[in-house]
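Undergrad: Below you'll find the structure I mean.
Laboratory data are not the source of any read-out in this text; all were calculated from the coordinates shown. Fair warning: this is a prediction, and the values are worked out from it, not measured in the lab. Neighbour counts run over all protein chains shown; Cβ positions are idealised from the backbone, glycine included.
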Amino acid sequence: MASEETFMRAPAPTPKRTIYTEAMEIFHFAADLIGLDKRVRLELEEPDYEHIFYVTAKLKDRLVPLLPEEAKAFSDLPVTQVRNPDGLERLANGNLILNGRALLGSDVAIRHGHLRLPDGHVYQLVPGESQRFKAYRVQHNQARGPYKGGLRYHREVSLDLFKALAAEMTWKTAIAEVPFGGGKGGIQLDPREYGREELEAITLRFMYRLKSLIGPNIDIPAPDVGTNPEIMALLYRQFSDGERERHNLRGIVTGKDVRIGGSEGRGKATGQGVAFCIEDYYADRGESVKGKTFVLQGFGNVGSHAAMILGNMGARLLAVNDADGTIFNGDGIDVNALAAYVADPKNLKRSVVGFPGAQRIEKKDLWDVQADILVPAALGGEITADVAERLKVKLIAEGANGPTTPEADRVLQKRGIELIPDIIANAGGVTVSYYEWIQNKRMERWSEAEVDQRLERAMKRNYRIIRDISRNQPRKTEMHDSRPYCIGKTVDSRCAAMILALKRIEAHYLLEGFSQ
Ligand code: NAD
């Protein structure tokens, strides 16, 4: 007979810490502080919908370069001349996509599935197979308007991550005072490993599956890490293909090219918003951005624009890193030259590494560079407690979503390093996405100056409310009114931002009630 112990219950597991539970710590903290309505809290604690689905695509044939030792066996293999070089597409990992037309009319010398190209390398011909990709769309909350949030193409994505990012969009749209809720999604893949036509096929198939879940008044995606205006154009085409009122559907995605209904100023909007916040931070202290130094993590859409705009305001970039490495120049990096270097088609990885105007340093040494400002503009969870202990900056303006862990937050507070939290600092993107959506709806076109002016006012107004909440300084000025949001005591800036979001969202539930 089994002993009593065999049947003893396993102890209740301690709740698992995940990216989502970590991201929600500040939500719970702020909700407790303001005594958020219990039912509103339940509504916000978990997403409305979590969609997981699969996308398949037929990949193209590839030429994979052999290592020098492997290539020795083919030393006498003659070179195959490529008559139509446009048919070959080189990927960041060194592989070549072989479009059928590349070798049309060429004398092809293939031995055991290998050929030598004019670059001297021997390549193995790998036939294209069909592949399946995991795709997500999390719709967190729509109390204030349609779900809104980016699409990420990245190898390291998960339901948990998208839940965290979708919730973040709910807070951000409330803070930015745009009439949207929060959503996020994407596909688990590294876009640098696929050819242009393959990414097109994957994207079209993605929208084919997504179409029944979203709409211009239901859920509106935008670019995020690994996606861009070209991907948005494909998504728009696929969504509106064959529809009778195609022109009315342009607002299905934002972040489009300006020539097809995108907004002026959207490309740079997130970086611009980061810069406006930093400018206002210093203006509040009677200082200016001019002469300040900064370090940057990530030189993609957000990082490169933030750097160029801060550079134009007179700040100096000392160090920057991306997925491939870190560069440093104590006299300041020429940001425009760096942007041109990264955008050069010959720079296959689109990396800052190798830029002649700076020296390469160890990737992790970015955190030791002494500067006034750090702008993290890459991925989440990068500023850990250890990193926070090392930093030699006075201000962090979070361009990325969730770059700082809760432990690191506590270290930053202890060390007196100031913070402009992500949900305000990078809200410029979704704010101009809203302008794009309105322009699409009204069939209007606003100038860049008009967009920038509105964005500046929106960013600074809401950032000032957050500062007032943080300092417990209720007041009404010509620009903003923080009286409804201050809570009678001072709080840190991340908590202040969350309080602003929760109070704005809660108002919808309390005034409109709950649909049954
Ligand atoms: P992007 O793909 O254009 O650029 C990402 C950059 O981060 C690249 O330079 C990449 O090399 C770098 N990177 C990736 N992994 C890294 C690593 N481990 N270490 C250092 N660098 C690394 O993406 P983006 O649109 O600029 O987005 C960057 C961040 O900003 C993300 O957190 C995103 O969610 C957030 N964000 C973007 C927008 C927007 O409008 N694009 C809006 C709000 C927030």
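Undergrad: Listed highest first by mean packing, meaning other Cβ atoms within 10 Å per residue, what order do 175-188, 357-370, 133-146 come in? Walk me through the numbers on the way to the answer.
TA: On the way: 175-188: 24.4, 357-370: 16.2, 133-146: 22.1.
The densest-packed peptide leads the list: 175-188, 133-146, 357-370.
Undergrad: Report the relative contact order of the chain, percent, no decimals, based on alpha-carbon pairs under 8 angstrom and at least 6 residues apart. Display every interim value, and only then the final one.
TA: On the way: 1031 pairs, mean separation 69.4, N = 516.
The normalised contact order for the chain reaches 13 percent.
Undergrad: Rounded to the nearest 500, what is the 222 nm mean residue ellipticity of the chain from helices alone, with -39500 (n - 2.57) per DSSP H run of 4+ residues and division by all residues? If you can, show how the numbers build up before the last one.
TA: Values: 15 runs with 188 residues, N = 516.
It comes out at -11500 deg cm²/dmol, rounded to the nearest 500.
Undergrad: If you don't mind, another one. Fewest Cβ neighbours within 10 Å first, please rank 207, 479, 24 accordingly. Before the final figure, lay out the partial values.
TA: Working: 207 23, 479 10, 24 20.
Lowest to highest Cβ neighbour count: 479, 24, 207.
Undergrad: Quick one: 299, 74, fewest Cβ neighbours within 10 Å first, how do they rank?
TA: Numbers: 299 28, 74 17.
If I rank by nearby Cβ atoms, fewest first, I get 74, 299.
Undergrad: Just add up the charged neighbours of residue 348: K/R +1, D/E -1, any other residue whose Cβ is under 10 Å from the Cβ of residue 348. Provide the component values of the computation, followed by the final result.
TA: Numbers: positive: 90, 192, 346, 349, 350; negative: 344.
Overall, the nearby charge balance is +4.
Undergrad: Right, here's the next one. Applying a 10 Å radius around every beta-carbon, put 347-354, 493-500 in order of their mean neighbour count, most first. Walk me through the intermediate numbers first.
TA: Details: 347-354: 17.5, 493-500: 25.2.
For the peptides 347-354, 493-500, the packing ranking is 493-500, 347-354.
Undergrad: Report Rg(Cα)/(2.2 N^0.38 Å) for segment 267-427, keeping two decimals.
TA: Working: Rg = 14.4 Å, N = 161, 2.2 N^0.38 = 15.2 Å.
Working it through for segment 267-427, the quotient is 0.95.
Undergrad: Can you list the residues of segment 102-118 with backbone N under 20 Å from a point 7 Å past the Cα of residue 324, pointing along Cα to Cβ?
TA: none
Undergrad: In segment 407-452, which GluC sites (Glu not before Pro) fall in coil by DSSP and have 16 or fewer other Cβ atoms within 10 Å? Provide the component values of the computation, followed by the final result.
TA: On the way: sites: 407, 418, 436, 444, 448, 450; in loops: 444.
For GluC sites (Glu not before Pro) across segment 407-452 that sit outside H, G, I, E and B with at most 16 neighbouring Cβ atoms in 10 Å, the list reads 444.
Undergrad: So how far, in whole Å, is the C-alpha centre of segment 103-153 from the one of segment 459-516?
TA: Distance between centres, Cα-based: 45 Å.
Undergrad: With all pairs of different alpha carbon atoms counted, what Kirkwood hydrodynamic radius in Å does the chain show?
TA: Numbers: mean 1/r = 0.0404 Å⁻¹.
Here the Kirkwood hydrodynamic radius works out to 24.7 Å.
Undergrad: Cα convex hull of segment 401-516: mean projected area in nm², to one decimal? Could you put the intermediate results ahead of the total?
TA: On the way: hull surface 40.6 nm².
Averaged projected hull area, Cα only: 10.2 nm².
Undergrad: Given the peptides 32-40, 507-515, 451-459, arrange them by the average over their residues of other C-beta atoms within 10 Å, most packed first. Present the calculation step by step, with values, prior to reporting the outcome.
TA: Values: 32-40: 13.7, 507-515: 11.0, 451-459: 19.1.
So the order, starting with the most tightly packed, is 451-459, 32-40, 507-515.
Undergrad: Going by C-beta contacts inside 10 Å, put 463, 147, 282, 54 in order with the fewest on the left.
TA: Listing 463, 147, 282, 54 from fewest to most nearby Cβ atoms yields 54, 282, 463, 147.
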